[in-house]
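Computed from the coordinates by the stated procedures, all read-outs in this text should not be read as laboratory data. Fair warning: this is a prediction, and the values are worked out from it, not measured in the lab. Heads up, the Cβs are rebuilt from the backbone with ideal geometry, glycines too, and the neighbour counts pull from every protein chain shown.
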Amino acid sequence: MAQDFDVTHPYSTEAGAHTGAAKRVLVVDDSRAMRAWLRTVLTADPRLHVVGEAADAVEARDYIKANPVDVLTLDIEMPGMSGLDFLTRLMRARPMPVVMMSSLTAAGSEAAIQALSRGAIDCMVKPTSAYGEELTNDICERVYHAACTRPSQLQMWLQTKGARPAPAAAAPASQQRHAYRRGALILIGASTGGVAALETVLPALDPHGPPVVVVQHMPGNFLVSFSERLNRQLPQNVYLADESRALENGDIVIAPGHDRHTEVRNRGGSWYCRFVPNDPPALHCPSVDVLFASAASQARHISAALLTGLGRDGADGLLKLSQAGAATFGQDEATCVVYGMPKAAKALGAIQRELPLDDIGAAIRDSRIAPRRDEAHGTEQMQ
């Protein structure tokens, strides 16, 4: 099927990507009712124009070959060729922004994470009950910002990712044992595009290095699948945060969501996670700002990074950390899927070093390495 995506097609997805015209949306779903619902929701936003519908991968392929499209909404679970297989072939032949639509089943959540790793810009949960203005606004916002992604940038990122070794085969430098500053902790926040970004950054960290706590915006069931996927891929110990468990070297902890924010606390020299209710309700739960702000009193031990994502969550928290003495990093615009969160943090002056995605992991790792004993007069010790 990949050969059927003729790259000599006269329409280029780069054209119109940044114009003021409404973004052209193709809705791909085997359910007539879901297609009708999405059409109604998306058409209500003047920035979006639903130009077509497809009930399966073959119809979607034929439409894309014949018509200009800025973004797809794509069902994961379809008869015949699945949405995941279609996405994989589409990204190889003609990369374009895709927002996946998934159920919250275990299989659907695992497939959603695979889709995000293979190049989907975002993934939405299919509504199963009544929906309100907040949900419909969120869908429109995410589809619109996906449509604004530059296809040439997406294609370059996919090619780079395809040439990159698997996470378990991280660069030799990240496998070396280092002495780290006592009490060191790494905090990372990400949103749209964050799954693939984290799969680039985390392998570059030292498997025996300081614990890492991650907030990634996505539904709780997706986070379960994501943590399991990372645990299979990485030499580190990856798991969902647990309040009763002290964080140890080599741990990567994912904030679990489910209407709770994750904070960090230092007790007796050890770091622990702590859950707090989402009250009053925040736009994002788990929230990067909540995580970052909770560590401000221990900022001199912290390295924090803000990766690709829609909105500004994390910008205020990163500023607090930077002002209190933390090492702070941001992903640069050229490598972000959505340059929202890092851009907001940069505007505040919260980012000390803005770097391409491929350089962030090593920069974080090196920021917590202790000076040699002779340089520190014997005062630095391994964490």
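Arranged from highest to lowest average of other beta-carbon atoms within 10 Å per residue, in what order do the peptides 324-336, 265-277, 286-298 appear?
Values: 324-336: 21.4, 265-277: 14.0, 286-298: 23.4.
Highest to lowest by the protection proxy: 286-298, 324-336, 265-277.
Taking the highest mean first, how do the peptides 195-207, 308-320 order by number of other beta carbon atoms within 10 angstrom per residue?
In descending order of packing, they fall as 308-320, 195-207.
Taking amide H atoms as placed 1.01 Å from N in the peptide plane, list the residues 5 or more away in sequence, or in a different chain, whose amide H sits under 5 Å from that of His217.
Those qualifying (amide H under 5 Å, at least 5 residues apart or on another chain) are Ala190, Ser191.
Quick one: length gained pulling Ser244 to Asn266 fully straight, 0.36 nm per residue minus the C-alpha distance? Can you show the working numbers first?
Working: separation 22, 0.36 × 22 = 7.92 nm, distance 1.28 nm.
Contour length minus the Cα-Cα distance gives 6.6 nm.
Checking the a/c ratio against 1.5 first, then a/b against b/c, what shape does the Cα gyration tensor give for the stretch 176-367?
Working: a/c = 1.14, a/b = 1.05, b/c = 1.09.
Verdict is rounded for the stretch 176-367.
According to a simple spin-label model (label point 7 Å from Cα along Cα-to-Cβ), what is the distance in nm between Asn67 and Asp85?
So the label points at Asp85 and Asn67 sit 2.4 nm apart.
Mind ordering 72-80, 346-354 by average Cβ neighbours within 10 Å, highest first? Each step should come with its number before you reach the end.
Details: 72-80: 21.4, 346-354: 16.9.
Result, highest mean Cβ count within 10 Å first: 72-80, 346-354.
Gain in length, Asn137 to Val276, computed as 0.36 nm per residue apart minus the alpha-carbon separation, to one decimal in nm? Show your work: numbers first, answer last.
Working: separation 139, 0.36 × 139 = 50.04 nm, distance 2.63 nm.
Taking 0.36 nm per residue and subtracting the Cα distance, the gain is 47.4 nm.
Any of Lys65/Lys126; Lys23/Lys126; Lys23/Lys65; Lys126/Lys346 with alpha carbons more than 29 Å apart? Name them for me. Please report the intermediate quantities before stating the final value.
Details: Lys65/Lys126 27 Å; Lys23/Lys126 22 Å; Lys23/Lys65 17 Å; Lys126/Lys346 34 Å.
Over 29 Å apart, Cα to Cα: Lys126/Lys346.
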